[in-house]
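So the structure is just underneath, and the comments pick up after that.
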Amino acid sequence: MRTIITTTGTSLISNYRNSLGATGKSMPTLQEILGYLREVSPEQASAETNSLSRLLQEGDEIVFLHSETDDGRLCAEALSEFYKSKGYRCMVKEISNLRYGAQQFKNKGLRSLVAEMAQIVRERKRQKHEVLINATGGFKVESAYAVLIGILFQAPVYYVHERFEDIIALPPIPVSWDYSLMVDHEDFFEWIHADLRSTHEATSRLQSIPDSVRMLLTEEDGYLMLSPAGEALWEAYRSLLSLPGQTVYWSDRARRYYENLDPETQRSFDRLINRLSRPGLRPESNIERMRNSDCLVYPRGKKPERIIFYEQDDKIYICELARHSDQSYERLLNKNINSGNYSDFEQKI
């Protein structure tokens, strides 16, 4: 099954008024708009019908995303009713704060749009749907963020300009995004995303945050929050975390070491192992060969924890867990650590 996420603008109302030669701003009724949709061709009716006429297949679901405005709501509802009458499954979603006020639109509105699109893509892909993004309608800047969601979530984006004779397809880009920034500062991203944070409250945390993270933040009315682009990246990262990872097996030594750790340190190892089991979240530059060993070490750099492991048949085998703080990693470096020394692997439940 296919789901077509469609950003929805107000060209339907504009075209209806133009067909009547009307210059006033009185709002048409739902029935008037539906009558217009039935009378004219899809190419004439609106940007959304023009693009959907070139995209739709039997059995498709259409999700109409509209602004928090009366005319946006009317257009989405009319389009939904029209396509339901033609046998398509339809859903209408209002994007909070996506309205005509510039400041509200720029920060809250676009962030809400990104979050809603990401949630729909995740849900539909989980249901094994093929997801397409139709970015023809709506505010122009919506198209830019629709393309970003398409890139991050590997979904094709489609667009029809009023002067184009055919639809333009922007296929998924077969590249892996570097999520190391999210991995390294996941605590901060979780914190800033969970609730409204005053700029004053965030000051102490920002002192240890690199400029590359600050670029994904924006300030509004004394609060610091993820920018729309930051929201898109965070949603894509969360989506990857929800996917099944490689099977992980632990040696008896690794299990016993873990069980003797305090809960906070255990959570740190849990997160690292979760990332390690998902190749899309672990840059290979963050893995190195252990000295005098056939095993690998993750992560590199300033992280206090170390995981000594090897991979075989798309499975991960953790030989040892270690830290710098208790010198356990340094002691392992002076030993002859090799994968063949371990045979008592089990999955940790």
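The values are calculated or read from the model by the stated rules, or taken from the named source; none is laboratory data. Since the model is a prediction, treat every value here as computed from it, not as a measurement. Here the Cβ positions follow ideal geometry from the backbone for every residue, glycine too, while neighbour counts run over all protein chains shown.
Considering each of E190, E219, E231 in turn, give the residue that is crowded, with 19+ Cβ neighbours inside 10 Å, among the acidic types (D, E) and within 30 Å of I133 (Cβ to Cβ).
Values: E190 fails: crowded, with 19+ Cβ neighbours inside 10 Å; E219 fails: crowded, with 19+ Cβ neighbours inside 10 Å.
Testing whether each residue is crowded, with 19+ Cβ neighbours inside 10 Å, among the acidic types (D, E) and within 30 Å of I133 (Cβ to Cβ) leaves just E231.
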Pair list, Cβ < 9 Å and 6+ apart or interchain, from region 150-161 residues that are part of a helix (DSSP H, G or I) to residues that are among the aromatic types (F, W, Y): I151/W177; L152/W177; L152/Y237
Of the residues in region 231-244, those that are free of Cβ contacts under 8 Å to residues at least 24 places away in the same chain and in contact with a Leu (Cβ under 6 Å, 6 or more places away or on another chain) number 0
How many residues, within region 33-75, are over 24 Å from A169 (Cα atoms), among the acidic types (D, E) and surrounded by 14 or more Cβ atoms within 10 Å (Cβ to Cβ)? 2
Among what's in region 122-170 and is more than 18 Å from A47 (Cα to Cα) and among the polar types (S, T, N, Q), pick the residue that is farthest from the chain's Cα centre (by Cα). Q127
Residue that is closer than 15 Å to E190 by Cα and over 23 Å from the mean Cα position of the chain (by Cα), where the choices are R253, R238, R267, R271: R267
Which residue is nearest to G301 (Cα to Cα), if the candidates are limited to region 175-221 and must be of a type in the set (F, W, Y) and not in a helix (DSSP H, G or I)? Y179
Go through Y317, Y298, Y310, Y329 for me and flag whichever is within 16 Å of A254 (Cα to Cα), among the aromatic types (F, W, Y) and at pLDDT below 90. Y329
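If a residue must be in a helix (DSSP H, G or I) and exposed (fewer than 14 other Cβ atoms within 10 Å of the Cβ), how many such residues does region 5-29 contain? Show your work before the answer.
So in region 5-29, the residues in a helix (DSSP H, G or I) come out as 11-20.
Within this subset, residues satisfying the condition of being exposed (fewer than 14 other Cβ atoms within 10 Å of the Cβ) are 18-20.
Residues in region 5-29 being in a helix (DSSP H, G or I) and exposed (fewer than 14 other Cβ atoms within 10 Å of the Cβ): 3 in total.
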Looking only at region 47-60, decide whether some residue is touching a residue at least 40 places away in the same chain (Cβ under 8 Å) and β-branched (V, I, T). no
Criterion first (more than 24 Å from L216 (Cα to Cα) and within 30 Å of the chain's Cα centre (by Cα)) does D326 satisfy it? no
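Of all strands (runs of 3 or more DSSP E) completely enclosed by region 245-349, which ones contain at least 2 residues that are aromatic (F, W, Y) and in contact (Cβ under 8 Å) with a residue 60 or more places away in the chain? Give the steps one after another, and end with the answer.
Values: elements: 247-250, 296-298, 305-312, 315-323.
So the answer is 247-250.
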Selection from region 292-308 of residues of a type outside the set (A, V, I, L, M) and under 17 Å from L281 (Cβ atoms) yields Y298, P299, R300, G301, K303, E305
Can you find a residue that is in contact (Cβ under 8 Å) with a residue 12 or more places away in the chain and buried (at least 18 other Cβ atoms within 10 Å of the Cβ) anywhere in region 164-178? no
Checked pairs for region 94-106, first among the small types (G, A, S), second modelled with pLDDT of 70 or more, C-beta under 6 Å and 6 or more apart or across chains, list as S96/E68; S96/S112
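Okay, residues lined up against (1) surrounded by fewer than 19 Cβ atoms within 10 Å (Cβ to Cβ); (2) on the phi > 0 side of the Ramachandran plot; (3) aliphatic (A, V, I, L, M):
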position	(1), (2), (3)
F269	no, no, no
L272	no, no, yes
Y298	no, no, no
G301	yes, yes, no
For region 1-11, give me each residue that is at pLDDT below 95 and either farther than 16 Å from E68 by Cα or not assigned by TED's automatic domain parsing to the domain that holds R89 (or both). M1
For L110, which of the numbered conditions (1) at pLDDT 90 or above; (2) buried (at least 22 other Cβ atoms within 10 Å of the Cβ); (3) among the aliphatic types (A, V, I, L, M) fails to hold? (1)
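For (1) surrounded by fewer than 19 Cβ atoms within 10 Å (Cβ to Cβ); (2) at negative phi; (3) among the polar types (S, T, N, Q), each residue gets a yes or a no:
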residue	(1), (2), (3)
D294	yes, yes, no
H324	yes, yes, no
L332	no, yes, no
N341	yes, yes, yes
